[in-house]
């Protein structure tokens with residue numbers, strides 16, 4: 001996420017200088033690869049590269065393609081096949097034994113389907129969205145590689161795909177991807193050919209709210225910002241020194257536990273970690289957070305302390321539902337033998353990362369399945385063409 005934030009910042013700078021920029025996006029992979037679909041790299045006309053699409057072996061070749069392969073501004077897809085036993089075919093020394101397809105395009109800042117402009121809008125408004133990108137065309141279909149359909153949370157659609165029968169089906173698949181919050185791959189069979197589309201789910205950076213402003217909250221903040229997350233610090237001691245201690249945080253809220261519920265906004269995307277080291281503060285904070293729709297709720301402290309908190313909460317606030325009680329992860333973090341503030345922060349962030357990616361943690365060497373799920377392509381036959389009208 002931090003990498004993408006950096007790409008967005010450099011793209012914003014290029015808009016002020018009018019420097020031509022190019023975007024390379026991994027749109028499809030097969031086998032073992034270093035980066036997954038959706039990985040991006042921004043290239044400026046001066047040769048500056050931001051972001052990665054591999055372990056560092058493909059970037060220079062992509063740079064050359066921006067200089068010699070797309071002078072007319074048309075998007076291209078370059079395929080890097082490293083499945084051969086000997087990689088002398090490419091000479092890159094990839095060692096990944098996979099196939100990577102990379103879409104390379106020139107960015108037009110005035111194009112409403114500019115992917116970076118749309119991603120920036122999603123991030124700024126903390127909204128989800130869909131970018132559906134054509135990355136392969138077979139036959140005589142009137143659709144170009146790099147054509148897109150963009151769908152936001154308000155169901156507003158923007159597309160430059162002229163084939164109306166394809167657009168109609170693609171809208172439905174994009175809406176399904178947005179509802180399921182999952183990226184997907186589709187191959188559409190038309191009478192005149194086939195079109196492959198990467199439907200990418202865009203998710204804003206996670207919002208981490210840390211309740212507590214002690215020194216052990218600093219490395220948690222630093223790790224979260226290193227990942228590109230949005231971080232809010234809530235200090236129920238209302239200490240002015242907190243502002244200075246957490247300069248890298250996006251927001252610092254100085255409050256008291258009695259009025260906490262009036263000053264914070266928690267939604268289904270919120271990640272909350274309670275680490276105040278004050279029992280009464282924790283009690284009031286959990287009263288607010290347990291019934292909330294927060295995605296994750298962790299609390300620092302021993303099992304005995306947590307059991308006492310839950311018992312007092314039940315006494316003071318009545319019965320909590322099993323779903324509310326199961327939401328609390330306490331003691332917070334993964335078992336990595338952490339005993340310093342930095343190691344504890346790493347433990348906390350590892351647990352949250354596992355939750356966000358629907359993983360259980362553990363050693364990769366013990367995995368019996370691929371680390372990343374293989375692309376499942378849905379093949380769809382479009383029977384007929386029906387007219388559809390929309391704003392281009």
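For residue 146, which of the numbered conditions (1) on the phi < 0 side of the Ramachandran plot; (2) in contact (Cβ under 8 Å) with a residue 40 or more places away in the chain; (3) part of a loop (DSSP other than H, G, I, E, B) fails to hold? Result: residue 146 fails condition (1) only.
Of the strands (runs of 3 or more DSSP E) entirely within the stretch 186-263, those holding at least 1 residues that are at pLDDT below 95 occupy 193-202.
Against the conditions (1) surrounded by fewer than 17 Cβ atoms within 10 Å (Cβ to Cβ); (2) touching a strand residue (DSSP E or B) at 6+ places or on another chain (Cβ under 8 Å); (3) under 30 Å from residue 130 (Cα atoms), residue 172 satisfies every one except (2). Just one residue in the set 253, 259, 271 is closer than 30 Å to residue 181 by Cα and either assigned by TED's automatic domain parsing to the domain that holds residue 236 or surrounded by 20 or more Cβ atoms within 10 Å (Cβ to Cβ) (or both); that residue is 271. Set side by side, the residues 160, 156, 142, 120 differ, and just one is under 19 Å from the mean Cα position of the chain (by Cα) and in the same structural domain as residue 181 (by TED's automatic domain parsing), which is 120.
For every residue, the table says whether it meets (1) crowded, with 20+ Cβ neighbours inside 10 Å; (2) touching a residue at least 24 places away in the same chain (Cβ under 8 Å); (3) not in a loop (DSSP other than H, G, I, E, B).
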position	(1), (2), (3)
6	no, yes, yes
11	yes, yes, yes
16	no, no, yes
23	yes, yes, yes
35	yes, yes, no
43	yes, no, yes
46	no, yes, no
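Annotation for the stretch 297-311: at least one member residue is in the same structural domain as residue 219 (by TED's automatic domain parsing), outside any helix (DSSP H, G or I), surrounded by fewer than 12 Cβ atoms within 10 Å (Cβ to Cβ) and out of contact with any strand residue (DSSP E or B) (no Cβ under 6 Å at 6 or more places or on another chain).
The values are calculated or read from the model by the stated rules, or taken from the named source; none is laboratory data. These figures come from a predicted structure and were not determined experimentally. Cβ: placed from backbone, ideal geometry, glycine included. Neighbour counts: every protein chain shown.
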